[in-house]
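Asks: I'd like to ask some things about the structure below.
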Amino acid sequence: MSRYFLFGTLTWDALLTQVAGRPVATSPATLDGWSVERAADGDWPVLAEGGQTMGLLTEPLSDDCRARLDWYETAFAYLPEAVTVTGPDGPVAALVYRAGGAEGAGVPWSRDGWVALHGDRTILAAAEVQRAMGRMTPAAIAARRGVIQARAQGIVAARAAHRPVTVGGGAPVEDIRVESVDYPYEGFHRVEEWTLDHPRFDGTRSGRINRAISHITDAATVLPYDPRRDRVLLVEQIRIGALAKGDRQPWMLEPVAGLIDAGEGPETTALRELEEEAGITVDRGDLHFVARYFPSPGGVAQVIHSYVAVCDLPDDAGGLHGLASEHEDIRAHVVPLSQVLAMVASGEAANAPLIVSVQWLGLHADGLRAGRPVEDLQSGV
């Protein structure tokens with residue numbers, strides 16, 4: 001049985017318990033010759049030469065517990081290395097996780113600051129990483145790290161969101177009894193099978209029911225609009241969902257769109273994607289919020305944040321765009337607003353973000369052309 005010296009994120013008991021699969025007893029310990037710094041590449045801890053590190057020494061771990069910790073750390077390129085630490089009873093042989101070649105930023109890493117910013121998301125992400133143990137390679141899980149973190153961020157954000165309720169509302173969410181959640185597939189998207197029992201409107205309970213959903217990273221969409229020329233920019237690309245459904249025209253017209261990365265807000269995503277997919281750069285103040293909505297909550301767990309961006313759209317604003325690294329093949333079209341409104345009526349506009357955004361623009365285009373403040377548009381003034 002081995003003991004580990006923990007100096008970073010695993011000194012947070014909630015994460016250690018999640019990763020180990022059970023509570024782990026620890027005691028204070030120190031490691032001489034090393035100090036903990038914030039990584040040069042982001043907000044996580046690395047060991048830098050010099051100084052002394054205060055940390056936690058685990059109890060002797062079972063093979064299963066050690067395997068779980070090794071899997072979690074190895075997936076992020078941290079490997080166990082033998083060290084001698086000073087515990088409550090003197091020097092102790094232990095293992096410490098170190099990232100080979102990782103450089104510090106020259107500033108101390110703050111666990112409390114990290115927990116405040118990333119803790120809730122990391123707990124959820126760690127659960128998904130641990131479910132992959134024995135089914136995926138460390139390299140494969142590392143490649144999915146961004147998606148896992150982004151999906152977890154979406155759950156944290158939804159838990160914190162509070163929608164107005166003026167009609168209906170149902171019972172408190174705590175009255176829903178979730179018996180189990182299974183994960184038959186976890187990749188770029190995640191399939192979940194829920195078994196639950198919920199309160200019915202007549203005061204009885206539903207009894208045991210089963211539901212399946214696709215859990216997708218939250219997204220931001222942005223429809224560029226030129227109020228002077230009264231035209232919008234639409235992007236066109238092949239959509240496999242339409243192809244899988246048997247649609248004879250799987251190349252769809254949409255607003256600019258992209259998945260919200262972990263640590264990123266929807267406005268930042270909208271601005272980034274606007275540049276990548278349409279070659280358009282605007283200020284944050286040019287973004288007008290349209291709506292936050294679930295596109296199909298009966299079977300898809302995803303929230304979309306839609307915006308309209310006021311910008312300049314000359315005749316040559318269309319063209320080909322997209323990132324080769326993401327296999328994007330995007331064609332941009334500049335179209336009069338009146339024509340796009342007609343496309344909604346005819347059914348040519350066939351996806352929710354485009355329909356929602358164009359309908360919002362139909363209500364507010366006069367205000368945008370008049371240069372009215374965004375708060376007036378949102379309030380309907």
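The values are calculated or read from the model by the stated rules, or taken from the named source; none is laboratory data. Just so you know, these numbers come straight off a predicted model, no measurement behind them. A quick note on method: Cβ atoms are made from the backbone with ideal geometry, for glycine too, and the neighbour counts reach across all protein chains shown. Surface accessibility is based on the protein's heavy atoms, side chains included, excluding ligands, DNA and RNA. Shrake-Rupley method; radii C 1.70, N 1.55, O 1.52, S 1.80 Å.
Asks: Where does the range 269-381 land on the Kirkwood hydrodynamic radius, alpha-carbon pairs, in angstrom?
Replies: Working: mean 1/r = 0.0640 Å⁻¹.
One over the average 1/r among Cα pairs gives 15.6 Å for the range 269-381.
Asks: Tally up the carbon and sulfur contribution to the accessible surface of the chain as a whole percent, 1.4 Å probe, everything protein left in place. Display every interim value, and only then the final one.
Replies: Numbers: 10570 of 19750 Å².
Ligands and nucleic acids excluded, carbon and sulfur reach 53 percent.
Asks: Net charge near Pro227: determine it from the other residues with C-beta under 14 Å of the C-beta of Pro227, scoring Lys and Arg +1 and Asp and Glu -1.
Replies: Values: positive: Arg228, Arg229, Arg231, Arg369, Arg372; negative: Asp226, Asp230, Asp286, Asp312, Asp366.
Residues near Pro227 contribute 0 overall.
Asks: Right, another one. With a Cα-only, solvent-free Debye model of the range 1-55, what are the log10 I(q)/I(0) values at q = 0.13, 0.28 Å⁻¹?
Replies: -0.36, -1.14
Asks: Averaging sequence separations of C-alpha pairs under 8 Å and six or more residues apart, then dividing by the length of the range 123-205, give the relative contact order as a whole percent.
Replies: Working: 53 pairs, mean separation 17.4, N = 83.
Once normalised by length, the contact order is 21 percent.
Asks: For the chain, what's the relative contact order in percent, using C-alpha pairs closer than 8 Å and at least 6 residues apart?
Replies: Working: 694 pairs, mean separation 44.2, N = 381.
Across the chain, relative contact order equals 12 percent.
Asks: Would you kindly find the accessible area of Ile260, with a 1.4 Å probe and non-protein molecules such as ligands, DNA and RNA excluded, rounding to the nearest 10 Å²?
Replies: 10 Å²
Asks: Here's something else I'd like to know. Just want the answer: with Cβ charges of +1 for Lys and Arg and -1 for Asp and Glu, which residue in Ile155, Ala116, Ile209 is farthest toward the dipole's positive end in the range 81-224?
Replies: Comparing the listed Cα positions along the dipole, Ile209 ranks first.
Asks: Roughly speaking, what % of Cα-Cα pairs in the range 182-334 are separated by over 20 Å, rounded to a whole number? Provide the component values of the computation, followed by the final result.
Replies: On the way: 6800 of 11628 pairs.
Roughly 58 percent, once rounded to a whole number.
Asks: When the scattering of the chain is computed by the Debye formula from its Cα atoms alone, each counted once and equally, what is log10 I(q)/I(0) at q = 0.09, 0.12, 0.15 Å⁻¹?
Replies: -0.69, -1.04, -1.29
Asks: Give me the distance between the Cα centres of the range 37-115 and the range 227-288, rounded to whole Å.
Replies: Each part reduced to its Cα centre gives a spacing of 41 Å.
Asks: To the nearest Å, what is the center-to-center distance of the range 139-169 and the range 117-131, using C-alpha atoms only?
Replies: Between the Cα centres of the range 139-169 and the range 117-131 lies a distance of 11 Å.
Asks: Can you give the charge dipole size of the chain about its Cα centre, rounded to the nearest 20 debye, using +1 on the beta carbon of Lys and Arg and -1 on the beta carbon of Asp and Glu? Please report the intermediate quantities before stating the final value.
Replies: Values: 33 positive and 51 negative charges, 206 e Å.
Charge dipole, the chain, about its Cα centre: 1000 debye, nearest 20.
Asks: Compute the signed sum of charges (Lys and Arg +1, Asp and Glu -1) over the other residues within less than 14 Å, Cβ to Cβ, of Gln302.
Replies: Numbers: positive: Arg151, Arg190, Arg292; negative: Glu192, Asp218.
Counting the neighbours of Gln302, the net charge comes to +1.
Asks: Can I ask one more? At 1.4 Å probe size, with every protein chain present, just tell me what the per residue accessible area of the range 11-135 comes to in Å². Mind showing how you got there, number by number?
Replies: Values: 5990 Å² over 125 residues.
Ligands and nucleic acids excluded, the figure is 48 Å² per residue.
Asks: Now for a different question. Can you compute the radius of gyration and Dmax for the range 297-340, using only the Cα atoms, both in Å?
Replies: That works out to 14.9, 41 Å for Rg and Dmax.
Asks: With an 8 Å cut-off on Cα pairs and a minimum separation of 6 or more residues, tell me the relative contact order of the range 1-119 in percent.
Replies: Details: 237 pairs, mean separation 40.0, N = 119.
RCO, the range 1-119: 34 percent.
Asks: Here's another thing I want to ask about it. With only Lys, Arg, Asp and Glu charged, each at its Cβ (+1 for the first two, -1 for the last two), find how big the charge dipole of the range 126-227 is about the Cα centre; round to the nearest 20 debye. List each step's numbers first, then the result.
Replies: Working: 13 positive and 12 negative charges, 42 e Å.
It works out to roughly 200 debye.
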